[in-house]
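Reading through the structure tokens given below for one structure.
The values are calculated or read from the model by the stated rules, or taken from the named source; none is laboratory data. Just so it is clear, the structure is predicted and the values come from calculations on it, not from any experiment. Because the Cβ atoms are built from the backbone with ideal geometry, glycine has one as well, and the counts that use them run over all protein chains shown.
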Amino acid sequence: MTNLENKARAYRNLQAQIKALEEGAANLKQEMINELDARKIDELTAGEYTIRYGLYEIDTTRLKSENANLYNQYAKSMVSTRFSVA
């Protein structure tokens, strides 16, 4: 086996581990979101962590009144959700 072959094998193994970890993280995230939804809350403290998930909106009325140019430059119709563990 060549040194380059060993590196290629190690790289593919790491890529597989990353994929498995990302899938695990996505599953845990969904479980936490499901828990918040089941409790009908958008924030929960769990030990040293604060878990948040919900809809967040920008105060477009205030933005438009305080900086109309910026509002006009970036305004578009959309809704976003945010999930965080702090």
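Which residue, of Ala75, Ala16, Ala86, is small (Gly, Ala, Ser) and modelled with pLDDT of 95 or more? So the residue among Ala75, Ala16, Ala86 that is small (Gly, Ala, Ser) and modelled with pLDDT of 95 or more is Ala16. Considering only region 1-37, state which residues are more than 15 Å from Phe83 (Cβ to Cβ), part of a helix (DSSP H, G or I) and aliphatic (A, V, I, L, M). Scanning region 1-37 gives Leu4, Ala8, Ala10, Leu14, Ala16, Ile18, Ala20, Leu21.
Residue-level check: of (1) touching a helix residue (DSSP H, G or I) at 6+ places or on another chain (Cβ under 6 Å); (2) of a type in the set (A, V, I, L, M); (3) outside any helix (DSSP H, G or I), Leu63 misses just (3). Mind listing whichever residues of region 40-60 are part of a strand (DSSP E or B), among the hydrophobic types (A, V, I, L, M, F, W, C) and surrounded by 10 or more Cβ atoms within 10 Å (Cβ to Cβ)? Hits for region 40-60 are Leu44, Ala46, Ile51. Filter region 66-79 down to residues that are of a type in the set (A, V, I, L, M, F, W, C) and outside any loop (DSSP other than H, G, I, E, B) and give me whichever is farthest from Asp37 (Cα to Cα). If we take residues in region 66-79 being of a type in the set (A, V, I, L, M, F, W, C) and outside any loop (DSSP other than H, G, I, E, B), then Ala68 is farthest from Asp37 (Cα to Cα).
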